[in-house]
Amino acid sequence: MTVQECYARIEGDYDEVMMRLRTDERVKKFLGMFLRDENYGRLCTAMEEQNYEQAFMEAHTLKGVSQNLALTALGREASSLTELLRGKTGSPEALESFARVKEKYILTKKGIEDLQAGE
């Protein structure tokens, strides 16, 4: 799979990431760093513990990283979750949004892993 095919699969914006990072090799490097980042795990823990202040910070970070790497679908969902957690309180809407973030994160992670595996 090419980087461009990976971005199509994970609902990202290949053209945008190429404007920012310029080469497929650099994009692969940063996607690998994304997989090693512990932010998503901290977001999950904060949501499980109903620590919405921490969850807000983690969602905000995930939003920024996703947007920088043009992981469009994940970034959009993380942005929505960030706004719903801005008041540092949980809500049914925030829980639904978190479920969508998890779904997009899993899709993104799988696509990047497949890219790294050469599929």
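The values are calculated or read from the model by the stated rules, or taken from the named source; none is laboratory data. Only a predicted model underlies this, so the values are computations on that prediction, with no experimental measurement involved. Cβ coordinates were reconstructed from backbone atoms using ideal geometry, including for glycine residues, and neighbour counts include every protein chain displayed. Note: areas computed on protein heavy atoms with side chains; ligands, DNA, RNA excluded. Shrake-Rupley method; radii C 1.70, N 1.55, O 1.52, S 1.80 Å.
By how many degrees, 0 to 90 and rounded to 10, does the Cα axis of helix 39-48 deviate from the longest principal axis of the chain?
In the chain, helix 39-48 runs at an angle near 30 degrees to the longest axis.
Assuming 0.36 nm per residue, please report the length gained on full extension of the stretch residue 113 to residue 15 beyond their Cα-Cα distance. Mind dumping the intermediate values first?
Values: separation 98, 0.36 × 98 = 35.28 nm, distance 2.04 nm.
Length difference between fully extended and current span is 33.2 nm.
Which lysines, on any chain, are close to residue 29 with Cα under 29 Å apart, when same-chain ones fewer than 8 places away are left out?
Candidates past the 8-residue exclusion: 63, 102, 104, 109, 110.
Run the 1.4 Å probe and let me know the accessible area of residue 45, rounded to the nearest 10 Å².
Accessible surface of residue 45 is approximately 60 Å².
Of the listed peptides 53-63, 17-27, what is their order by residue-averaged count of other C-beta atoms within 10 Å, with the highest listed first?
Highest-to-lowest ranking by the protection proxy: 53-63, 17-27.
Quick one: helix 92-117 against the long Cα principal axis of the chain, what's the angle to the nearest 10°, folded into 0 to 90?
Once rounded, the angle reads 20 degrees.
Considering the values (1) 46, 31, 29; (2) 40, 25, 19; (3) 42, 32, 27, which represents Cα extents along the principal axes in Å as calculated for the structure under consideration?
Read-out from the structure maps to (2).
Specify the angular offset, from 0 to 90 degrees and rounded to the nearest 10, of the alpha carbon long axis of helix 72-85 from the longest principal axis of the alpha carbons in the chain.
Tilt of helix 72-85: around 10 degrees.
If I compute solvent accessible area with a 1.4 Å probe over the protein chains, what percent of it on the chain is carbon and sulfur? Don't skip to the end; give the middle numbers.
On the way: 3160 of 6560 Å².
Carbon plus sulfur share of accessible area: 48 percent.
Quick one: dipole size for the stretch 1-98, taken about the Cα centre, charges +1 on Lys/Arg Cβ and -1 on Asp/Glu Cβ, in debye to the nearest 20.
Working: 12 positive and 17 negative charges, 77 e Å.
Computed about the Cα centre, the dipole is about 360 debye.
Can you tell me the accessible area per residue over the stretch 14-65, all protein chains present, probe 1.4 angstrom, in square angstrom? The partial results should precede the final answer.
Working: 3190 Å² over 52 residues.
Using a 1.4 Å probe on heavy atoms only, each residue of the stretch 14-65 averages 61 Å².
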